[in-house]
Amino acid sequence: MRIRARRAAEGHEEYEEHEGRTRAPGARSGVRRAAGRLRGWGGVSAMAVACAVTAAAVLLPLAHATTDTAPGVPRRPASAVAAPAAPWVLADTCQDPEASLRPSDVDGAAIARIKAAGKLVAGVDQNSFRWGYRNQTTEGGRLDGFDIDLVKAIAKDILGDENAVIYRAIPTSQRIPALQEGRVDIVVRTMTINCKRLEDVAFSTAYFEAGQQVLAPKGSPITGYDASLKDKRICVAAGSTAESALKAQSYGSQPVTVANQLDCLVRLQLHQVDGIITDNALAAGQAAQDPSVRLVGSPFTREFYGVAMNKDAPDLVRRVNKVLENYRAGGNDSPWMKAYLKHLQPVLPGVTAPPAPKYRDG
């Protein structure tokens, strides 16, 4: 099913949800009619409509929120085994960017603020299938996905309740500003750890490994991240590592930048772009939703997702790393593996373990 619904400025603002329940001043009838003409969550069309409903009417704008927030060698999945270094990776000159502060459950200022507020404020995605998305098979279309399960584990550890969360859906380009401005405590949104971002925010240890890859329609002459991109319109999300890669080496393509990664798939289906560059972990979910597109070529980077936090919250970084220690523990019975099997294995098979943590002192 191809997306044909007009999407209501989705991804260009931030929105808030309390414990999975949305506050709705009233959904727009036109969007409801469009949703009624499309299939369920099994297709990306329904996702686009659900996101449009969310953006247009269902959730409260972040600007209106009043909740206090805090200020601020791994086993590789099969999908990234052969990933060579991309030219732009040479700019990543810091040593061991994936190394994070050692885990601790000692409370500090950031943890105290979260406990005083009684809620963990998490920046997430709501339109990345299998990672952070509105699952229309659940009551009320609650947020679901691999990243959402991790947020719940962090809230459970700090506050004793996995539902003690305020979810704020933020576009890719707003992940770092949201942390720096104290609008969220954590960002769990398929966010790659790299040296440039470490200048602005702090990261946990890595919780997943992915790689940049090209998504293109079946039958396209595009063969991967190579000269076949020449004169092609290639879509990337603003603030993403894909955007950085394309700026450094475009192969003669015409970059098209959007606020959220799902917007790229919409444009691809409307023939407004010829291909997409994004994390293969995200692209695999999109390819599963739309059988007319496929991943081409090989991953051309190795990237590690981390939980991002304010640089002035080292106690929160250590606490999240403690949560991740427990989340990875237990092999095939670990919470990490259970979340992988539930959410990602159907679209990204072959992953046998989470990345091993790296730590640093100071």
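The values are calculated or read from the model by the stated rules, or taken from the named source; none is laboratory data. Values in this document were obtained by computation on a predicted structure and should not be read as measured data. Counting neighbours? That spans all protein chains shown, and the Cβs are built from the backbone with ideal geometry, glycine included. Keep in mind that these areas ignore ligands, DNA and RNA; they rest on the heavy atoms of the full protein, side chains included. Shrake-Rupley method; radii C 1.70, N 1.55, O 1.52, S 1.80 Å.
Please report, in whole Å³, the volume per residue of the convex hull around the C-alpha atoms of region 252-299.
Per-residue hull volume (Cα only) is 87 Å³.
When Lys and Arg each count +1 and Asp and Glu each count -1, what net charge do the other residues less than 10 Å away from Ala216, Cβ to Cβ, add up to?
Its environment carries a net charge of +2.
Can you figure out the FRET efficiency of Asn163 with His271, using R₀ = 35 Å and their beta-carbon distance, to the nearest 0.05?
0.25
What is the spread of the Cα atoms of region 253-362 along each of their three principal axes, largest first, in whole Å?
Cα spread of region 253-362 along its principal axes, largest to smallest: 48, 34, 21 Å.
Run the accessible area of region 170-255 with a 1.4 Å probe and give the carbon-and-sulfur part as a rounded percent.
47 percent
Please give the contour-minus-distance gain from Ser334 to Ala227: 0.36 nm per residue of separation, less the Cα-Cα distance, rounded to one decimal in nm.
34.3 nm
Please give the residues of region 196-219, grouped as numeric ranges, whose backbone N is less than 12 Å from a label point set 7 Å along the Cα-to-Cβ vector of Lys247.
196-197
Give the lysines whose C-alpha is closer than 20 Å to that of Lys322, dropping any in the same chain fewer than 8 places away, or say none.
Correct list for Lys322: Lys115, Lys119, Lys152, Lys156, Lys311, Lys338, Lys358.
Quote the FRET efficiency, to the nearest 0.05, computed for Asp105 versus Arg294 with a Förster distance R0 of 45 Å and r equal to the Cβ-Cβ distance.
0.50
Lys218: which lysines have alpha carbons under 28 Å from its alpha carbon, excluding same-chain residues fewer than 8 sequence positions away?
Lys230, Lys232, Lys247, Lys342
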